[in-house]
Amino acid sequence: MIKKLQRKFIFITMASLLSVMLLLIGGINGINLYQMEQRLDGTLMLLSENEGKFPKFEKGNPPIEQRHYGFEINEETQFETRYFIVKTDGDGNVREINTSHIAAVSSEEAQDYGLKVLTDGKTEGYESIYKYRVVTGDNGNMLIFLDCRSQLQTARVFFFISLAVAGVTLLLVVILVSVFSKRAIKPFIESMEKQKQFITDAGHEIKTPIAIISANADVLELTQGNNEWITSIRNQTDRLNKLIKNLLMLAKTDEDDIKLVFSECNMSGLVLETIEAFTSMAKMQNKDLTANVIPGLKISGDKNSLRQMLSSLMDNALKYSDERGTIRVTLLQGKKGIKLEVFNTSEKIDTKNLDRLFDRFYRADFSRARETGGYGIGLSIVKSIVELHHGKITVGSDDGKSIRFTIYLG
């Protein structure tokens, strides 16, 4: 239980940190890309406004029109910027190509880029590593292609560096959280251990007076004969014995102190055996108990705990099924093991709180629980047994007037 809580604490912490890291990385890289796009757009705008050339730079007093979208030229801008220009006439025929500001593109390649952009019909965008803008004039179009390889490479490197830093940070945090997680949940662990110790001590202490009460009831029966009061005493001592047994089992489950002996179990036989034990009780209560069990289904498990699991499910179905209700038990071969289903009709069910049925001492209907003698821990034990067998249990209701427990065991 403590290890499970520790793993859950680590998982929640790391999931929260991962979410923050993803938002941080996404935000930083998004801002970086936005600023890069603004600078590129400013460069293209400046070139388009000056017929494909950079204006003369006036050191110390750059004019306002030389600033666009966060881009500001300086005396080195025209030498640092790589670009080429393709001009076409009104019919779309190439009439001029200027590749003097770039070495990576030939005139033929520049023409191909220009014709492809004109065919696409877009006025701006990316073509390979070149960001372009189409400027329409009276004599045709001017296509400006800006080499963005250095900017794209810088953005890519920045992205991978941020991912690497985030990955190393997460790894370090995992190590630190794993080391200090037990200290973080120490108050809860101490409280839980005190609770378990109290349950264990109280359970053992209560056994003695119960045994004395039961023995006194036997003496009274021998001397005075059986009567309703003695019968009531026996019923209540039986309930208390069952409650103590279940509480001690839950305490052992929390401490991971249950010693299960796994062997090949004939699950079909266990289910049929349990159903047979409850058949007469179902008849006495005028309830319809049916079974659909595939013979010969076997799993690896602890026979005693599986038998207790089945008994608790059947006892729950009998207690909480409605008058003259239906109880149906199904055992089938699943995809990765066996599928056990216990279905029973009932009175109106609160479908919003079905998952709480596995909580200890939770009872959906207190008056009904008092009538049937339930304490609200039987299903908690069932869930613990299923988890000890590395299985899964679910609960559902199709119509609000029936309930279905489904167990998957490998």
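The values are calculated or read from the model by the stated rules, or taken from the named source; none is laboratory data. Bear in mind that the values here come from a model prediction, so they are computed numbers and not experimental data. Glycine also receives a Cβ, built like all others from the backbone with ideal geometry; neighbour counts cover every protein chain displayed.
Being within 45 Å of the chain's Cα centre (by Cα) and either crowded, with 16+ Cβ neighbours inside 10 Å or at positive phi (or both): is that true of LYS131 here? Give the steps one after another, and end with the answer.
Working: within 45 Å of the chain's Cα centre (by Cα): yes; either crowded, with 16+ Cβ neighbours inside 10 Å or at positive phi (or both): yes.
It is true that LYS131 is within 45 Å of the chain's Cα centre (by Cα) and either crowded, with 16+ Cβ neighbours inside 10 Å or at positive phi (or both).
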Practice prompt. Taking THR200 as meeting all but one of (1) polar (S, T, N, Q); (2) surrounded by 13 or more Cβ atoms within 10 Å (Cβ to Cβ); (3) at pLDDT 90 or above, write down the number of the exception.
Written response: (3)
Worksheet entry | Test: residue in the range 36-46 that is over 32 Å from the mean Cα position of the chain (by Cα), modelled with pLDDT under 90, farther than 21 Å from LEU146 by Cβ and not hydrophobic (A, V, I, L, M, F, W, C) | no
Worksheet item: Is at least one residue of the range 304-320 buried (at least 16 other Cβ atoms within 10 Å of the Cβ), in contact with a Leu (Cβ under 9 Å, 6 or more places away or on another chain) and part of a loop (DSSP other than H, G, I, E, B)?
Response: no
Response to the item:
Quick count over the range 100-115, residues being outside any loop (DSSP other than H, G, I, E, B) and among the β-branched types (Val, Ile, Thr), is 0
Practice prompt. Mind listing just one residue for me: the one in the range 94-121 that is surrounded by fewer than 13 Cβ atoms within 10 Å (Cβ to Cβ) and among the polar types (S, T, N, Q) and, of those, farthest from the chain's Cα centre (by Cα)?
Written response: SER100
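Which residues, taken from the range 82-93, are of a type outside the set (A, V, I, L, M, F, W, C) and either surrounded by 13 or more Cβ atoms within 10 Å (Cβ to Cβ) or within 22 Å of PHE54 (Cβ to Cβ) (or both)? Reasoning before the result, please.
Within the range 82-93, the first condition is being of a type outside the set (A, V, I, L, M, F, W, C), and the residues that meet it are 82-83, 87-93.
Within the range 82-93, ARG82, TYR83, LYS87, THR88 qualify.
Return yes or no: is LEU152 surrounded by 13 or more Cβ atoms within 10 Å (Cβ to Cβ) and in contact with a Gly (Cβ under 9 Å, 6 or more places away or on another chain)?
Values: surrounded by 13 or more Cβ atoms within 10 Å (Cβ to Cβ): yes; in contact with a Gly (Cβ under 9 Å, 6 or more places away or on another chain): no.
In short, no.
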Discussion item. So PHE160 ticks every box in (1) surrounded by 11 or more Cβ atoms within 10 Å (Cβ to Cβ); (2) without any contact (Cβ under 8 Å) to a residue 60 or more places away in the chain; (3) among the aromatic types (Phe, Trp, Tyr) but one. Which box is left unticked?
Written reply: (1)
Discussion item. Scan the range 282-291 and tell me whether some residue there is part of a helix (DSSP H, G or I) and exposed (fewer than 12 other Cβ atoms within 10 Å of the Cβ).
Written reply: yes
Worksheet, complete the sentence: Of the residues in the range 25-52 that are in contact (Cβ under 8 Å) with a residue 12 or more places away in the chain and out of contact with any strand residue (DSSP E or B) (no Cβ under 8 Å at 6 or more places or on another chain), the one that is farthest from ILE97 (Cα to Cα) is ILE25
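Return a yes/no flag: does the range 59-68 have any residue that is under 30 Å from SER162 (Cα atoms) and modelled with pLDDT of 85 or more.
Scanning the range 59-68 turns up no residue that is under 30 Å from SER162 (Cα atoms) and modelled with pLDDT of 85 or more.
Restricting attention to the range 79-99, which residues are assigned to a strand (DSSP E or B), touching a helix residue (DSSP H, G or I) at 6+ places or on another chain (Cβ under 9 Å) and not hydrophobic (A, V, I, L, M, F, W, C)? Break it down stepwise before answering.
Applying the first criterion (assigned to a strand (DSSP E or B)) to the range 79-99 yields 83-88, 94-98.
Narrowing further to those that are touching a helix residue (DSSP H, G or I) at 6+ places or on another chain (Cβ under 9 Å): 83-88, 94, 97-98.
TYR83, LYS87, THR88, ASN98 - these are the residues of the range 79-99 that are assigned to a strand (DSSP E or B), touching a helix residue (DSSP H, G or I) at 6+ places or on another chain (Cβ under 9 Å) and not hydrophobic (A, V, I, L, M, F, W, C).
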Practice prompt. Taking LYS207 as the residue in question, decide whether it is of a type in the set (Lys, Arg), exposed (fewer than 12 other Cβ atoms within 10 Å of the Cβ), farther than 30 Å from LEU24 by Cα and under 44 Å from the mean Cα position of the chain (by Cα).
Written response: no
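Can you go through LEU240, LEU247 and tell me which one is outside the structural domain of SER305 (by TED's automatic domain parsing), part of a helix (DSSP H, G or I), modelled with pLDDT of 75 or more and within 25 Å of VAL386 (Cα to Cα)? Steps first, please.
Working: LEU247 fails: modelled with pLDDT of 75 or more.
Exactly one residue qualifies, and that residue is LEU240.
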